[in-house]
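Right, one structure below, let's go through it.
The values are calculated or read from the model by the stated rules, or taken from the named source; none is laboratory data. Note that this is a predicted model, so its numbers are computed, not measured. Glycine also receives a Cβ, built like all others from the backbone with ideal geometry; neighbour counts cover every protein chain displayed. Surface accessibility is based on the protein's heavy atoms, side chains included, excluding ligands, DNA and RNA. Shrake-Rupley method; radii C 1.70, N 1.55, O 1.52, S 1.80 Å.
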Amino acid sequence: MASSFLLFLLIFLSVSSFILLSESQKTSKPNKLVLQVQKDPKTKLYVTNIYKRTPLQKVPFVVDLNGRLLWVTCEKSYRSSTYHAPRCHSTQCSRADSHYCHICSTRDGPGCHNNTCGVMSMNPVTGLTAMSELAQDVLSIQSTQGSNPGPMVRVPQFLFTCAPSLLLQRGLPSTVQGVAGLGHSPISLPTQLTSHFWSAGFAPIFALCLAPKGVMFFGDSPYYMLPNVDITRPLSYTPLIISPQGEYYMEVKSIKINDKNVPIDTALLSINKQGVGGTKLSTINPYTILHHSIFKAVTQFFSKELSAIPQVKPVAPFGVCFNSKSFKNSRVGPGVPNIDLVLHDKHVMWRIYGANSIVEAAPGVSCLAFVDGGMENNGASIIIGAYQMENNLVQFDKARSRLGFSSSLLFYQTSCNNFNFTAIP
């Protein structure tokens, strides 16, 4: 009898241990991760909180879609028992493409060690750059199955740079301590997360769903918003183009308004041998920027299609504004002309509805949310801004070299505000 009980106890403990181990492995090796992103009302930039250091501390970062790395200021309050600055010519330096040995004349501390790797960090709003120390430390992020947050998981040796505080002085929200770059580079946030969790089947995919309280996913779909809406189902796809600088582009062939072709110089829509032209996506530009000739054609055509609405004096930085009271329908509704970006195939279009094309710039004044980029042609001819991506799911699938886009989720009875961050896993 005793031996039978002992055998039963051993079997029970073995099964329990197996279950606990399996659950632990699922937690430590997730195939999807999630971060909340919030819109800063003053700068219109998007901010996310990431847990770093030992002990863990919540650190706010501006989200830069095309940034090459994650940088944080370390001069004053960086305290961590797991901080490490790799030495010159180390494997970590090679991964960060660093060929400069950092020298610091002040007291040793985070961001200030001799014979460490020097990497350039940049304020994406002002373009100001500064030499920074390459560093490693713990990063912790929430896992998810796609519909609600799960347990936190750790990246124990996440590479980033310790940048001087002067990079925070202009253009960024006063609350942030750095910038989280999502660009195509060896030490960007998505690249390092994919590399660390690769053995769990973690796909090199991330997605943005911008809103005042939006969300960012790392890993493959599906992703769900309340009330249990799979927001990946309406995705259309176009080839994802990555520039030599690791920035994300897509091919726009033409522009339509109310299903009518806008007469524009299509040569501006192609990227030439100097890397000039084409259509880039950006979270740093609040509104879409158009080369002057494209801006002129689009605004004139849009105004003609909306001729029944009285125009008023433009509010900077916009060029065409209307009397808000004259809009009979909601901004989502049929009263506002649709703008279609015709992509690689004439049947594939990213439709911009009124919710993403019209913005209330002042009380009683609604403006076409596009900005004149001037005549200088030294970059992208079109830069898709954050406002045009709000309440759209935009998925960057580097595994298949494709860009997924949903158009407005408002037509699916949900929005990017609706991820269930309050659910208990």
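Looking at region 154-250, the trypsin sites (Lys or Arg not before Pro) that sit in a DSSP loop and have at most 12 other Cβ atoms within 10 Å of their own Cβ are Arg170. Here the relative contact order of the chain, from alpha carbon pairs under 8 Å that lie six or more residues apart, stands at 18 percent. Our note on the geometry: Cα centres of region 40-83 and region 153-192, 6 Å apart. Think of region 32-202 as having a plus end and a minus end, set by charges on the Cβ of Lys, Arg, Asp and Glu; of Ile103, Leu166, Gly118, Leu166 sits farthest toward the positive end of this dipole.
What shape does region 102-205 take by its C-alpha gyration tensor, where a ≥ b ≥ c are the square roots of the eigenvalues and a/c under 1.5 counts as rounded, a/b above b/c as prolate, and the rest as oblate? In terms of gyration-tensor shape, prolate. Rounded to the nearest 20, the size of the Cβ-charge dipole of the chain about its Cα centre is 360 debye, with Lys and Arg at +1 and Asp and Glu at -1. Restricting the trypsin sites (Lys or Arg not before Pro) of region 258-321 to loop positions (DSSP other than H, G, I, E, B) with no more than 13 neighbouring Cβ atoms within 10 Å leaves Lys273.
Each Cα pair under 8 Å and six or more residues apart adds its separation to the average, and for region 126-188 the resulting relative contact order is 32 percent. Here the accessible area of region 70-214 is 51 percent carbon and sulfur, with a 1.4 angstrom probe and all protein chains present. Residues Cys162, Cys101, sorted by accessible area with the largest first, give Cys101, Cys162 [1.4 Å probe; ligands and nucleic acids excluded]. With contacts taken as Cα pairs under 8 Å and at least 6 residues apart, region 195-321 reaches a relative contact order of 13 percent. Computed over protein heavy atoms with a 1.4 Å probe, the carbon and sulfur contribution to the accessible area of region 224-412 reaches 50%.
Of the peptides 38-45, 373-380, the ranking by mean beta-carbon count within 10 Å, highest at the top, reads 38-45, 373-380.
Let me make sure I get this right: for region 177-273, a, b and c are the square roots of the gyration tensor eigenvalues over alpha carbons, sorted descending. Under 1.5 in a/c it's rounded, otherwise prolate if a/b > b/c, else oblate. Which is it? Walk me through the numbers on the way to the answer.
Details: a/c = 2.19, a/b = 1.37, b/c = 1.61.
Verdict is oblate for region 177-273.
Rounded to the nearest 20 debye, the dipole size of region 218-339 about its Cα centre is 520 debye, using +1 on the Cβ of Lys and Arg and -1 on the Cβ of Asp and Glu. Using only the Cα atoms of region 224-412, build the gyration tensor, take square roots of its eigenvalues as a ≥ b ≥ c, and label the shape rounded, prolate or oblate: rounded if a/c is under 1.5, else prolate if a/b is larger than b/c, else oblate. In terms of gyration-tensor shape, oblate.
For Gln57, neighbours were defined as the other residues whose beta-carbon sits under 11 Å from its Cβ, and their charges (Lys and Arg +1, Asp and Glu -1) total +3.
Averaged over its residues, region 224-412 has an accessible area of 45 Å² per residue, based on protein heavy atoms and a 1.4 Å probe. Could you give the distance between the Cα centres of region 314-383 and region 193-264, to the whole Å? If you average the Cα positions of each part, the centres end up 20 Å apart.
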